[in-house]
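Undergrad: Below: one structure in structure tokens.
The values are calculated or read from the model by the stated rules, or taken from the named source; none is laboratory data. Note that this is a predicted model, so its numbers are computed, not measured. Quick reminder, even Gly has a Cβ in these numbers, built from the backbone with ideal geometry, and neighbours come from all protein chains shown. In case anyone asks, the SASA skips ligands and DNA or RNA and just uses the protein heavy atoms, side chains included. Shrake-Rupley method; radii C 1.70, N 1.55, O 1.52, S 1.80 Å.
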Amino acid sequence: RKPTLAVVGATGAVGTVMLGILSERKDVWGEIRLIASPRSAGKKLTVRGEEVEVVALSEEAFEDVDVAMFDVPDEVSAQWAPIAAAKGAVAVDNSGAFRMDPDVPLVVPEVNPHAARIRPRGIISNPNCTTLSMIVAMGALHAEFGLSELIVSSYQAVSGSGKEGVDTLREQIGKIAGTELGTQPGDVRRVVGDLGPYPAPIAFNVVPFAGSLKEDGWTSEELKVRNESRKILGLPDLRVTATCVRVPVVTTHSLTVHARFENEVTVAQAHEILAAAPGVVLYDNPAAGEFPTPADVVGTDPTWVGRVRRSMDDPHALELFVCGDNLRKGAALNTAQIAEVVAAELTAAV
Ligand code: 2RA
């Protein structure tokens, strides 16, 4: 029989994208069970063209489930993913609850699919969207040249902060669009009013702070880029520095990347590798105005790479610009791909 899939958090922002993705991809699933908080139970959602009734999160909801995806806040995953695993399901978790647990693999199917097989807790983690927006391209380059250092700056979309982030950007733009604001210190800040989840106006602005403040001035997002990149690539000592910035884009994270390698690199070699890498689109012809931007990439699956240059003072290093849809590859798509890797393993084992 085909494996049974549970989608926990089916009514949320990522859950909604997930139902679309499950409807588009090759159908490897038998039953797809939709699970959400008790207040959403009874609601009907469409997946694979069929209406499915949402059931409330409970131990019984995981009965006979083979793979359970979690698109819920950290504390909900922390409580319920181990319960799903104890009921015999493989939990694929998109929260931050288990990412750095040494007994939980952190998987990107294009980079380290083999890691999904070793899961002592019955849980597999999905990386944060900022890491995911660049790691497929970095994995391909690492396999060829041997990565030794990453220095990145992110340009993160407001949907990474959920509905509140998107609503805040739209409301602030509504207040200042068509005005002459943005020419005097503080004029935008005075007019936008509510800052929502951000420490500064997000409309007509860039905010050099994403996530929460951690030790020594680093943010949680910056530490995630460092720790997760190391774990996914299997390079515990990789030098990684990130500066995470929020920009007035609805969906699709971008990053500038300075990647240094053990071996010398050329742009021609990098182009060849990136053009052939699964899950990567090389879009790099600046003379023709061709490079990825979030407005063009949003709603697509791959990691888009452009502006590839060899560092002028270092023949071992490349500079790149990378874009990835933070709700698709950055969240729902990668989770779906991990679940498919597990489904293939379960089906082969029968
Ligand atoms: C953000 N990476 O963009 C986060 C979402 N998990 O805020």
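Undergrad: Does at least one position in segment 72-86 carry a residue that is touching a helix residue (DSSP H, G or I) at 6+ places or on another chain (Cβ under 8 Å) and assigned to a strand (DSSP E or B)?
TA: no
Undergrad: Is there any pair with a first residue in segment 317-332 that is over 23 Å from residue 145 (Cβ atoms) and of a type outside the set (D, E, K, R) and a second that is within 13 Å of the ligand (Cβ to nearest atom) and assigned to a strand (DSSP E or B) whose Cβ atoms are under 9 Å apart and which are 6 or more apart or on different chains, and what are they?
TA: 326/156; 326/253; 330/253; 330/324
Undergrad: Something else now. State which residue is nearest to the chain's Cα centre (by Cα) when the search covers only segment 16-49 and only residues that are hydroxyl-bearing (Ser, Thr, Tyr) and surrounded by 13 or more Cβ atoms within 10 Å (Cβ to Cβ).
TA: 16
Undergrad: Considering only helices (runs of 4 or more DSSP H) fully contained in segment 199-307, which possess at least 2 residues that are of a type in the set (A, V, I, L, M) and in contact (Cβ under 8 Å) with a residue 60 or more places away in the chain?
TA: The helices (runs of 4 or more DSSP H) meeting that bar are 220-233, 267-276.
Undergrad: So, one more: Mind checking which residues of segment 127-148 are away from the ligand (no atom under 12 Å from the Cβ) and not in a helix (DSSP H, G or I)?
TA: Hits for segment 127-148 are 146, 147, 148.
Undergrad: Pull up segment 249-275, narrow it to residues that are charged (D, E, K, R) and in contact with a strand residue (DSSP E or B) (Cβ under 8 Å, 6 or more places away or on another chain), then point me to the one that is surrounded by the most Cβ atoms within 10 Å (Cβ to Cβ).
TA: Applying the first criterion (charged (D, E, K, R)) to segment 249-275 yields 260, 262, 264, 272.
Now drop any that are not in contact with a strand residue (DSSP E or B) (Cβ under 8 Å, 6 or more places away or on another chain), which leaves 260, 262.
Details: 260: 18, 262: 11.
My answer is 260.
Undergrad: In addition: Considering segment 50-76 alone, what residues qualify as being free of Cβ contacts under 8 Å to residues at least 40 places away in the same chain, out of contact with any Pro (no Cβ under 6 Å at 6 or more places or on another chain) and open to solvent by less than 70 Å² (accessible area, probe 1.4 Å)?
TA: Within segment 50-76, 52, 55, 58 qualify.
Undergrad: Please work out which residue is farthest from residue 338 (Cα to Cα), limiting yourself to segment 1-45 and to residues that are part of a loop (DSSP other than H, G, I, E, B) and hydroxyl-bearing (Ser, Thr, Tyr).
TA: The selected residue is 37.
Undergrad: To continue, here is another question. Name the single residue that is surrounded by the fewest Cβ atoms within 10 Å (Cβ to Cβ) among those in segment 149-170 being part of a helix (DSSP H, G or I) and within 12 Å of the ligand (Cβ to nearest atom).
TA: Among those that are part of a helix (DSSP H, G or I) and within 12 Å of the ligand (Cβ to nearest atom), it is 164.
Undergrad: If I go through segment 224-248 residue by residue, how many of them are more than 20 Å from residue 143 (Cβ to Cβ) and buried (at least 20 other Cβ atoms within 10 Å of the Cβ)?
TA: Final tally of qualifying residues: 4.
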